[in-house]
Amino acid sequence: MDRRLLIAALLAGCAIFAWKVVEQRRAEKYPYFASTEQFISFGCNHALADAEQYQHISLDYSVASLKQVDQILGHVHDLYIKDPSSVSVQGMSMEYGAYVGEVIRRNEPNSYWTRDSQVMGEKAYPIHWNAGESYPFGWCSKRITNGEEDSIWIKYSILKDRRKEKSKIAASKTR
């Protein structure tokens, strides 16, 4: 009888161990984020690590680093053109899109993230700035698939210039 009890306890222990391993691997593959900030931080951390490991570039959240991201995504575009299945467009767009948006949030006044968009729907992760919404995940996806014609640096620069222009117009109306 004691032997059966020991075997049952051993089997139960093995089953619990196997369940925990499966759950841990699932959590690593599909992490849970309690907030938009956690999700964005996760993406940024992966972009920083990817840039350092594969391009030997240290990103620093400066506006100038957007040019470096454009360069990195240009290399990814080249890989994509050679073999589209070799690139996880969605994954790379999420990582670098989080970084691009975070650069905007840190450098542009009154900028903030939301999870959902009234225009693009749930889990669009727009960055709100310059009196509108921008979609850096989409910017990065287009940069990877379309190439230089969809430069994120140029998109940022155009939107930044529009803000300056709106500020000038508003200032001239108050005089």
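The values are calculated or read from the model by the stated rules, or taken from the named source; none is laboratory data. All of these numbers come straight from a predicted model, not from anything done at the bench. Ideal geometry is used to build each Cβ from the backbone, glycine not excepted, and the neighbour counts take in all protein chains shown. These area figures cover heavy atoms from the full protein model, side chains too; ligands, DNA and RNA do not enter into them. Shrake-Rupley method; radii C 1.70, N 1.55, O 1.52, S 1.80 Å.
Numbers at a glance
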item: Ranking by accessible area, most exposed first, for 153, 113 with a 1.4 Å probe; result: 153, 113
item: Within-11-Å neighbourhood charge of residue 47 [Cβ basis; K, R +1; D, E -1]; result: -4
item: Full-extension gain in nm, residue 2 to residue 88, via 0.36 nm per residue minus C-alpha separation; result: 25.6 nm
item: Cα→Cβ-extended label distance, 7 Å offset, between residue 67 and residue 162, nm; result: 2.3 nm
item: Rough spin-label spacing in nm, given labels placed 7 Å along Cα→Cβ, for residue 120 and residue 133; result: 0.8 nm
item: Distance in nm between pseudo-label sites at residue 146 and residue 56 (7 Å out along the Cβ direction from Cα); result: 3.3 nm
item: Solvent-accessible surface ranking, highest first, for 120, 92 at 1.4 angstrom; result: 120, 92
item: Sorted largest first, extent of segment 52-114 alpha carbons per principal axis (Å); result: 40, 26, 16
item: Tail weight of P(r) past 15 Å, computed on alpha-carbon pairs of segment 106-163, percent; result: 52 percent
item: Charge context of residue 121, other residues only, Cβ under 13 angstrom, K/R +1, D/E -1; result: -1
item: Computed E for residue 81/residue 41 - FRET, C-beta separation, R0 41 angstrom, nearest 0.05; result: 0.85
item: Positive minus negative residues near residue 65 (Lys, Arg vs Asp, Glu; Cβ under 13 Å); result: -2
item: Percent carbon-and-sulfur accessible area, segment 61-157, ignoring ligands, DNA and RNA, probe 1.4 Å; result: 50 percent
